[in-house]
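Data first, discussion second: the structure below is written as structure tokens.
The values are calculated or read from the model by the stated rules, or taken from the named source; none is laboratory data. These numbers come from a predicted model, not from an experiment. Virtual Cβ from ideal backbone geometry, glycine too; neighbours counted across all protein chains shown.
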Amino acid sequence: MFKKRYFEVNNDFKTGFLCKLSVGIGIVFLIIFLVLKIASVFLTEDSEGILNQIYELSQSTIPDSMIALSLILIFIGIVLYFFNCQFSKLAKIAKDVENDEELEE
């Protein structure tokens, strides 16, 4: 009639992978933001070449957008980590219930 389906923790929407990915990208954006802000302290408008481009980039709105995106991605990663922990607890409970049903039969 109906087939029971059990989803294991490793096959559950890939929350563990998405957690690591979003936190990793968030940390990369955070590092880039910090590098740009630190570089803007030491560089001036009189810099030449690529140093002038880094200075101009640090004075634009891009670093502010990067810090906002970084915080959002890190928060999403934390939420996904919480979901992953809850899925693993539910899978353990389901496995225990399934084993208890097999012992009763």
Checklist outcome for this item: Taking the stretch 34-72 and keeping only residues that are closer than 30 Å to residue 85 by Cα and buried (at least 16 other Cβ atoms within 10 Å of the Cβ), one is left with 66, 67, 70
Next on the checklist: Residue under question is residue 15, and the condition is that it be at pLDDT below 80 and surrounded by 13 or more Cβ atoms within 10 Å (Cβ to Cβ); does it hold?
Outcome noted: yes
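One line per residue, one yes/no per condition, for (1) in contact (Cβ under 8 Å) with a residue 24 or more places away in the chain; (2) assigned to a helix (DSSP H, G or I); (3) in contact with a Pro (Cβ under 8 Å, 6 or more places away or on another chain); (4) of a type in the set (Lys, Arg):
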| site | (1), (2), (3), (4) |
| --- | --- |
| 41 | no, yes, no, no |
| 45 | no, no, no, no |
| 48 | no, no, no, no |
| 56 | no, yes, no, no |
| 64 | no, yes, no, no |
| 78 | yes, yes, no, no |
| 82 | no, yes, no, no |
Checklist entry - So, of the residues in the stretch 18-76 that are of a type in the set (A, V, I, L, M, F, W, C) and touching a Gly at 6+ places or on another chain (Cβ under 6 Å), which turns out to be modelled with the lowest pLDDT? => result 19
